[in-house]
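Structure first, then comments.
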Amino acid sequence: MSNTVSTFVQSLLLVLAISLDAFFASIAYGNNKIKIPTQSILIINTICTGFLTFSLLLGSIAKIIIPKPVTSLLGFIFLLFLGIYYLFQSLVKNYLLSNSVMDKRINIKLADLRFIIDIYLDETKADIDQSKNLSPHESIFLAVALSLDSLTVGFSSSLASVHYLQVIFLSLISNQLAIWFGLLLGNKFAKRAKIDLAWLSGLLLIVLASMQLSKV
């Protein structure tokens, strides 16, 4: 595999792993007949890519300070552990859901923080007014919740070897397609049965980590 093709495959695996969260969240919205207007989709995409860009920037700064062999090794270790975490993420979510009181009113000072945690556990909670239409303001909360993972994944991957501009460009396309197709599937197969594929993100990250191993 040539260097160019290898770099593109790594970039693609990275953005796919990150955009899967948006894809599954959109399926949940489609299942619940909640619409996400084009403006809200653009806001979600912009914020998610912004978080990713920020994490890549932090990683690139760290690479200047830390010797390359060390950053490559750290990138491999972080990606591997993140992949393992994602494989068991559904268990973590189920535990948090079963041990939290989701219908309790929360102190106003902590509302935003708790709200983002609630969205992480159940993405459809971003529809605050239950209007079945995600407004631009509500889409910000969803975007932040979906972007939390990309901070660690982006930073870890940037410690390894990725093409930053390629990743950012692919992220803009991938997130947009993920939301559109997620809504389409959710509306088409509007069933309450949950299909948990969170492990797929973990698998992609582990594959990405193994590709980096040869460069350590």
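The values are calculated or read from the model by the stated rules, or taken from the named source; none is laboratory data. Just so it is clear, the model here is predicted, and its values are computed rather than measured. When the accessible area is computed, the model is the full protein with side chains, heavy atoms only, and any ligands, DNA or RNA have been set aside. Shrake-Rupley method; radii C 1.70, N 1.55, O 1.52, S 1.80 Å.
Taking amide H as placed 1.01 Å from N in the peptide plane, the amide H of Asn133 sits under 5 Å from that of Lys35, each at least 5 places away or on another chain.
What the range 1-56 shows is 42 Å² of accessible area per residue, with the surface traced by a 1.4 Å probe over protein heavy atoms. Potential lengthening of the chain between Ser210 and His163 amounts to 15.2 nm, from the contour at 0.36 nm per residue minus the alpha-carbon distance.
The Cα atoms of the range 10-49 give a gyration tensor whose axes a ≥ b ≥ c have a/c of 1.5 or more with a/b no greater than b/c, which makes the shape oblate.
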